[in-house]
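One structure below.
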Amino acid sequence: MNGWLQAAIVVGSLVLSAALGWAVTVGVLRMAKAPQTKAPAFATDRQGHEVPVLQARAEAAAREPLLRGGMWIGIIERVAVTGSILAGMPALIAVVVAVKGLGRYPELKEQAGASERFIIGSLASLTVAVPMGLLGAWLLDH
């Protein structure tokens, strides 16, 4: 196999992993969203008005986003996982997952619901990155 074809397979695998993984992860996270309750409890907003808890949570989320930078971290995660498989070093996947978890630990500890979103997003991301790496490695071998 010539060098250009090998490069195209590697780049194609990485791009597909990043792009397809993004679409799958966003879709899975949307499906995993908690359903709204019919009779929400009430909380007091900054002006002292009583607002439904869902609205109070939305206002808090607008001020401080849940798991900032998640899209870019996910893209880098998928590229690193796919790349480690293409490089014949799948053990590096454990390093990628560990670094991601350690880096997110403070946010996961402090924000309600963040850990579930983190786990769902990570698993959805890995379910695309690993097959793309395996497909690319298989194509390089044939």
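The values are calculated or read from the model by the stated rules, or taken from the named source; none is laboratory data. What you see is a predicted model; the values in this text were computed from it and never measured. Cβ coordinates were reconstructed from backbone atoms using ideal geometry, including for glycine residues, and neighbour counts include every protein chain displayed. Only protein heavy atoms, including side chains, enter the accessible area calculation; ligands, DNA and RNA are left aside. Shrake-Rupley method; radii C 1.70, N 1.55, O 1.52, S 1.80 Å.
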Margin query: Kirkwood Rh over alpha-carbon pairs of the stretch 78-119, then Stokes-Einstein at 10 °C and 1.306 mPa s: what D in µm² s⁻¹, rounded to an integer?
Written below: 141 µm²/s
Next item on the list: With a point put 7 Å past each Cα toward its Cβ, work out how far Ser115 is from Leu92 in nm, to one decimal.
Entry: 3.0 nm
Item checked: For Ala43, residues with placed amide H under 5 Å, excluding near neighbours -> Val51, Val53
Checklist line | Solvent-accessible area, 1.4 Å probe, carbon plus sulfur percent, for the stretch 82-129 | finding: 73 percent
Check: From the phi of every residue in the stretch 2-18, what ³J(HN,Hα) in whole Hz does the Karplus formula 6.51 cos²θ - 1.76 cosθ + 1.60 yield, where θ is phi - 60° and glycine or proline is x?
Finding: 7, x, 5, 5, 4, 4, 5, 5, 5, 5, x, 4, 5, 5, 4, 4, 5
